[in-house]
Amino acid sequence: MTRFSVLDRLQPVFDEVLLDPVTVSSELSAKDVPEWDSLTNISLMLAVEKHFGVRFNVGEVEATKNLGDLADLILRKLSK
Amino acid sequence: MSNEIVPDIGREPKQLLLERDSRFYECLSDQTRVANTFQELAALSTLRKRAAKLGFARASGTNPLRLAIIGGYSLYPLHDLIQHCLETADRTGEGQRVELLVGDYDNYISEIIQETSRLYEFGPDAIFVIPSGRHCEYSGRLFDSRSAQEAQARDIASNLLELCRIAHIRTNAEIILANYPLPSERDPGAYRTRTAGSTWTFRKIVNLELGLSAPSFIRMCDVEFLSARFGSLNAYDARAWFESKQPYSADFLVQVAKEVAHIVAGMRQGTKKVVAVDLDNTLWGGVVGDDGVDGIEIGDTSPRGEAFKAFQLYLKSLTERGILLAVCSKNDKAKAIEPFEKHPDMVLRLTDIVAFKANWEPKSDNLRRIAEELNLGMDSIVFVDDNPAEVEIVRQFAPDVCTVLLGPDPSDYIRLLQEGRYFEPVTLTSEDFDRVKQYQQESDREKLLTSSTDMAAYLRSLQMRAVVSEFQGIDVPRIAQLINKSNQFNLTTRRRTEAEVRAVMEDTSYLGFTVRLSDRFGDYGLIAVIICRVDGTTLEIETWLMSCRVLERQVEEEVINEIRRLAATRDCKVIRGRYVPTPKNGIVRGLYPRMGFTEVSTDNGQIVFELRDLVRPLAESAIRVERRAYDQVFSA
């Protein structure tokens, strides 16, 4: 799996959790999306964990700057 | 299941919102009630906020609830879930608007102590406090003396209660206080139970102190119970604590948010007062009308019988804390009563039931009658039945009544009834509880009766007072209602419209009066209606009806006294009464003879009675009559 295919698989997660349509890209981050607040972030990350069957360690998500970083993190988890 | 990103739960309201369908808020409310995970509730909350943003808000109540949430944690996103649960609690009608103040992370102590804090500026109606768990661990060593450990636990509890007291005094707000969840960590093993220094035992002591010492303005949010029920391992999430200082795991936030919404709803509405139960397959197994009193399942001879008995014991325990028990059953009344009187294994007896409706009329009507008799609103009744069709009828035709549908398994009944959380007392001193007490007057009267063997002494002890009045305009709706609804104590069952009642008031050949009765336990209201027509020297009683609640109280005697007095003012020599038999008014068949009337003729099944001896003394009664009909008219 590549960073691109991970981003591709993130799209339906964002479609389900967010109400406004958002196009997933490696540069996208919470500050670009008005409804991506703390509540939504918890929902999004729980959904991502469930969708990919991974569990993030403490602090890992916070260290990501955008969805590209998040995709890389997911890739690292999946390759283990 | 596992591939679902967001469970089905948000889909329907999302669709309704897209279509701007007015059922959106009902659907949102229903789904909120069943939502159990953080993702479900968060999705619904997002929809709610989105609807408001789109201008698709529903009419919201006039009085917003001002809720402050403070504590030793980050209160985001708990505040959002609480707001969502509160604002969607009401399915229909106006929503409850909520204005929130969310305290800063772990700043609750200074927010309470500092008189100039945001908390006091905000002016809350209610304050939810989640004290820091780190403040609730023993600071010494596991092997310190028990008394030192317990003393520290008590100190923590009393300091916390003192903080709540300060906040309450300064705001007059109700305080909702979260107690402490017990830890799920293994260390120090079972030794945790042998020392008050372990966090496990230490928090138990603190929670006990909090619960047993909290004054009535504090509502306990029993997180210890909630987390035990939910599973302590799943109630806490260490990662969520380290990352964003969350008090609980995401899914357990949902449980706490729902509990807070439940507590707040209880502060505003009060608890239910009446549980109205069906009989067949609800209180016992089988159908008493078919199986007979010996054929029903109740008692310890079978597992099913035991389960029904346990349900009756639970209902009995509700009556012991002030909940009124009513029967609402499609049954022949004589047969329905039999198990209560004759079956040795019944827990409930007729004395436990304040209103007994067993007939073939719709249950929604019977519930309305129960509410009238008890002088309570329909919204204080919880109706319990095993038959989905009956529950549906009540839902449709008596929508204010809460319903509980029992399943096919009587061992589930207690849980199903408790699930609605209708009868949870708040405090023993609260106004709600006093109000319940006031409706127990009827059973108090019965107790007084059983305690005094002498009927005359009993009646005197009631200290009854009656107000007799000619028809008054303001009473016309109630008079017409009684005229058109009373079936049992009704001598002629002659119906009249409101307009016809008004016509009686205008016509001087008619004399109409009402009787109101009260006693030392309370007021019965308007309980008797009499309409007489003067025809020469004869006064004919066209209508005489009374509420069955005042039978055997000598009201009949006072009614005849009043009629005789009125007859004298019109120079009548004969008082004539009539009994028109119906299937329902058998109880008044012998009334006129008992009042000294003589039967003079039978006419088409009607029996005509007359009283000619109008000089004998008036009947004695234990009722003090404080006013008489046409007083002003005749004294003028």
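The values are calculated or read from the model by the stated rules, or taken from the named source; none is laboratory data. Predicted model, so just to flag it, every value in this text is computed and none were measured. Please note: Cβ atoms are built from the backbone with ideal geometry, for glycine as well, and neighbour counts cover all protein chains shown.
From the list B:ALA57, B:ALA51, B:ALA89, which residue is over 19 Å from B:THR171 (Cβ atoms) and within 11 Å of another protein chain (Cβ to nearest Cβ)? If you could, list the steps in order and put the result at the bottom.
Details: B:ALA57 fails: within 11 Å of another protein chain (Cβ to nearest Cβ); B:ALA89 fails: within 11 Å of another protein chain (Cβ to nearest Cβ).
Answer to the selection: B:ALA51.
Given the residues A:SER29, A:SER43, A:SER25, which is the only one that is farther than 21 Å from B:SER244 by Cβ, touching a residue at least 24 places away in the same chain (Cβ under 8 Å) and under 11 Å from the mean Cα position of the chain (by Cα)?
Result: A:SER25 is the single residue among A:SER29, A:SER43, A:SER25 that is farther than 21 Å from B:SER244 by Cβ, touching a residue at least 24 places away in the same chain (Cβ under 8 Å) and under 11 Å from the mean Cα position of the chain (by Cα).
Given the structure, is A:LEU67 more than 13 Å from chain B (Cβ to nearest Cβ) and surrounded by 12 or more Cβ atoms within 10 Å (Cβ to Cβ)?
Answer is yes for this residue.
Provide a single number: the residues in region B:498-513 that are within 18 Å of B:LYS485 (Cα to Cα), surrounded by 13 or more Cβ atoms within 10 Å (Cβ to Cβ) and aliphatic (A, V, I, L, M).
The qualifying residues number 1.
Look through A:GLU27, A:GLU60, A:GLU49 and report the one residue that is in contact with a Lys or Arg (Cβ under 7 Å, 6 or more places away or on another chain), charged (D, E, K, R) and more than 7 Å from chain B (Cβ to nearest Cβ).
Working: A:GLU27 fails: in contact with a Lys or Arg (Cβ under 7 Å, 6 or more places away or on another chain); A:GLU60 fails: in contact with a Lys or Arg (Cβ under 7 Å, 6 or more places away or on another chain).
Checking each option against the conditions leaves just A:GLU49.
Quickly run through region B:165-185 and pick out the residues that are surrounded by fewer than 23 Cβ atoms within 10 Å (Cβ to Cβ) and assigned to a helix (DSSP H, G or I).
Across region B:165-185, the qualifying residues are B:ARG165, B:ILE166, B:HIS168, B:ILE169, B:ARG170, B:THR171.
For residues that are charged (D, E, K, R) and either modelled with pLDDT of 90 or more or closer than 17 Å to B:PHE340 by Cβ (or both), tally how many sit in region B:269-321.
9
Surrounded by fewer than 17 Cβ atoms within 10 Å (Cβ to Cβ) and either in contact (Cβ under 8 Å) with a residue 40 or more places away in the chain or in contact with a Phe, Trp or Tyr (Cβ under 6 Å, 6 or more places away or on another chain) (or both) - does that describe any residue in region B:247-256? I'd like the intermediate steps shown before the answer.
Just the residues of region B:247-256 that are surrounded by fewer than 17 Cβ atoms within 10 Å (Cβ to Cβ), to begin with: none.
No, region B:247-256 contains no residue that is surrounded by fewer than 17 Cβ atoms within 10 Å (Cβ to Cβ) and either in contact (Cβ under 8 Å) with a residue 40 or more places away in the chain or in contact with a Phe, Trp or Tyr (Cβ under 6 Å, 6 or more places away or on another chain) (or both).
Is at least one residue of region B:452-475 closer than 27 Å to B:SER380 by Cα, at pLDDT 75 or above and among the β-branched types (Val, Ile, Thr)?
Checking region B:452-475: at least one residue is closer than 27 Å to B:SER380 by Cα, at pLDDT 75 or above and among the β-branched types (Val, Ile, Thr).
Going residue by residue through region B:275-284, is there one that turns out to be under 22 Å from B:SER486 (Cβ atoms) and not in a loop (DSSP other than H, G, I, E, B)?
We begin by selecting, within region B:275-284, every residue under 22 Å from B:SER486 (Cβ atoms); these are B:276.
Going one step further and asking which of them are not in a loop (DSSP other than H, G, I, E, B), we end up with B:276.
Yes, there is a match, as at least one residue in region B:275-284 is under 22 Å from B:SER486 (Cβ atoms) and not in a loop (DSSP other than H, G, I, E, B).
If the requirement is being in contact with a Lys or Arg (Cβ under 9 Å, 6 or more places away or on another chain), assigned by TED's automatic domain parsing to the domain that holds B:VAL264 and assigned to a helix (DSSP H, G or I), which of these qualifies: B:HIS84, B:HIS79?
Details: B:HIS79 fails: in contact with a Lys or Arg (Cβ under 9 Å, 6 or more places away or on another chain).
Only one candidate qualifies: B:HIS84.
Looking only at region B:7-38, which residues are in contact (Cβ under 8 Å) with a residue 60 or more places away in the chain and within 12 Å of chain A (Cβ to nearest Cβ)?
From region B:7-38, those in contact (Cβ under 8 Å) with a residue 60 or more places away in the chain are B:25-26, B:28-30, B:35-38; that's our starting set.
Correct list: B:THR37, B:PHE38.
Checking the conditions here, which among B:GLU115, B:GLU40, B:GLU111 is farther than 21 Å from B:VAL256 by Cα, part of a helix (DSSP H, G or I) and acidic (Asp, Glu)?
Of the residues listed, the single one that is farther than 21 Å from B:VAL256 by Cα, part of a helix (DSSP H, G or I) and acidic (Asp, Glu) is B:GLU111.
Would you mind finding the one in B:VAL608, B:VAL559 that is assigned by TED's automatic domain parsing to the domain that holds B:MET455 and assigned to a strand (DSSP E or B)?
Step by step, each of B:VAL608, B:VAL559 is checked, and only B:VAL608 is assigned by TED's automatic domain parsing to the domain that holds B:MET455 and assigned to a strand (DSSP E or B).
For the condition assigned to a loop (DSSP other than H, G, I, E, B) and over 21 Å from B:ASP631 (Cβ atoms), what is the one hit in B:PRO583, B:PRO593?
Details: B:PRO593 fails: assigned to a loop (DSSP other than H, G, I, E, B).
Criteria check complete, one pass: B:PRO583.
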